[in-house]
1. Once both labels are modelled 7 Å past Cα along the beta-carbon direction, what's the A:Arg134-B:Arg171 spacing in nm?
2. Can you give the FRET efficiency for B:Asn32 and A:Arg100, using 1/(1 + (r/R0)^6), R0 = 25 Å, r = Cβ-Cβ distance, to the nearest 0.05?
3. Between B:Ala248 and B:Ser284, with labels modelled 7 Å along Cα→Cβ, what's the label distance in nm to one decimal, could you check?
4. If amide H atoms are built 1.01 Å from N in the plane of the peptide, which residues on other chains or at least 5 residues away come under 5 Å of the amide H of B:Glu325?
5. On a full-extension model of 0.36 nm per residue, what is the gain between A:Thr182 and A:Arg28, subtracting their alpha-carbon distance, rounded to one decimal in nm?
6. Taking the Cα-to-Cβ direction at A:Ala115 and at B:Val230 and moving 7 Å from each Cα, how far apart do the two end points lie in nm?
7. Short version: ³J(HN,Hα) in whole Hz for each residue of segment B:161-168, in order, from phi by Karplus 6.51 cos²θ - 1.76 cosθ + 1.60 (θ = phi - 60°), x for Gly and Pro, what are they?
8. Need one value for A:18-30: mean number of C-beta atoms belonging to other chains within 10 Å of its residues' C-beta atoms.
Amino acid sequence: MNAHQIDLTTLLDRIERGETDLYMEVVRRHELMLRGYLAGQLYHLAEADDLAQEVFLTAWRDLVNFRRDGDFGEWLRGIARHQVLTYFRSQQRRASFMERFRAEVVRIAEQELEAAARRDEAGRVERLLHCISRLPKKLRRVVRAGLDGVRTDALAEELQTTVPAIYQLHYRANQLLRECMTKGSHS
Amino acid sequence: MNPDLQTFLRAWSGDSDICDTECGRLLQRLENDAAFRTECGEEIRLLGLIKAVQTPSPRWLDLRDALGLSSATPPEPEADDLARRVFHLVRNEPRKPANARWLTWRPLTAAAAGIVFGMFCTSMVFGFVVQSGVEGKTPLAVFQPSFEDAQMPITKGYPYALAHWGGDDARVVSAENGIRAKDGTFMLRLEAAPKGSPRFVYQVLDLASVPSSAKSEMREIEISASFAAVDAGASARYMLRAFAVSEAHEHLDASLFDHRGEAIASATKGLDVVPGSNGWKTVSLKIQVPPAARCLVLFFGVRTPNKTLPKAAHYLDDVQVSLIEPQPLNGLTLRTAARVGG
């Protein structure tokens, strides 16, 4: 049986019995959820990915403490929350406006961020890539631009529109993506 | 769209002008308005997911080290993973194991992904299927790209002017510890740092040197550099970062680090090197530079994630920066062809 066909509880039991390589399957199943969770809170994806690795390492070391009837994703996010707060504290001295603002938002909206993440089961997250591909061209460009490091004012110039309109377009794109993801998870 | 949500998203994305006047009020509303908190939480969550699903997975080198999997076949290259994810969606089948052979199915993957998803990932698909060499490259002047001046001073911290290197502990050396310069006689040694902290060297490029014919539109610039390590017994991450800024070089200083989120464009690329890898490793990245950019700030760095291993020096050589110029392709430029795909 391939690792991706094994249920999570069995996987965790076998990992604890010494089949450590199976942990990479656990990582594979949860990485999009976790990277997305961290990438939402940190500006630089590279930093989010570094923290994601730290979270998986911590979870690996503490695996024995995870209750088998619990939600593994929620447990990972709990570790991640702690790592994010530690990260923000370590950056406090040289943090920019934006980073200080983000740190405060993450602290205040902790429960809402967790609630939003809880709604995203694995299939729904994977469907997001497909949903992005179905966006109208202009919205796709807006969604992609942040990833390419293009600033909003530069994007507004490129699309011959205004900065507020870019945020409006992104918001519209997000609405369509949510609808598409929900349809997919119900079909 | 709720105006406060829009303002919130602007501040969240790093618009410091907004933050100067609005961040305090937004935080207060966030504290007191549960519906607003939920709305912001949903947007933040989706923005994060959008980033995660559109980028390749990390290679989890530290984790693989901890699991004792270092000697196993390392995961496939970054782009492969993204293509695999797209291909997986095309076929609606379970993912392939991480060590699938990339070279055997890369063209098929690229073609299938391109056909089904059209414009969304067109640039990526072109990256796979178009032979290198279709793009023209015009080298841009880099100060001491191969560190051939053994007496070259290196500013501690941020370089105070153009035509300088600045950075953490670094010095120009000739061949040593079994490492020979990749290009010429000399190379730059990045001294070991405690606790695996990253070490960077920086250079500022004045974009006035970019050929004038290309100034009126978005320019694509490629940066590459080669790294080597004395002790390949530990994993390392080599990093390139580029920030395009609209300020003139004389107005840039170390505070750039605090305001790097305000760069008008930025790009980062990392290369994870597994223990046992020898020789020079070349990292390259491309950045789309808007017309308003006046300077490009380049960071070249290394990080050794395993904090428990003895620290060793790393070397940098053969830094290259080029302007990418699309060449005509059946009457269309390559960039135009990519847009037509959508």
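1. So the label points at A:Arg134 and B:Arg171 sit 6.2 nm apart.
2. E between B:Asn32 and A:Arg100, to the nearest 0.05, is 0.80.
3. So the label points at B:Ala248 and B:Ser284 sit 3.4 nm apart.
4. Correct list: B:Gly136, B:Lys137, B:Thr138.
5. Between A:Thr182 and A:Arg28, full extension yields 53.2 nm more.
6. 5.5 nm
7. Going residue by residue, I get 7, 5, 6, 9, 9, x, x, 6 Hz, with x marking Gly and Pro.
8. Averaged over the peptide's residues, the number is 3.
The values are calculated or read from the model by the stated rules, or taken from the named source; none is laboratory data. Please read all numbers here as calculations on a predicted model, not as lab measurements. Counting neighbours? That spans all protein chains shown, and the Cβs are built from the backbone with ideal geometry, glycine included. Ligands, DNA and RNA are excluded from the accessible area calculation, which covers all protein heavy atoms including side chains. Shrake-Rupley method; radii C 1.70, N 1.55, O 1.52, S 1.80 Å.
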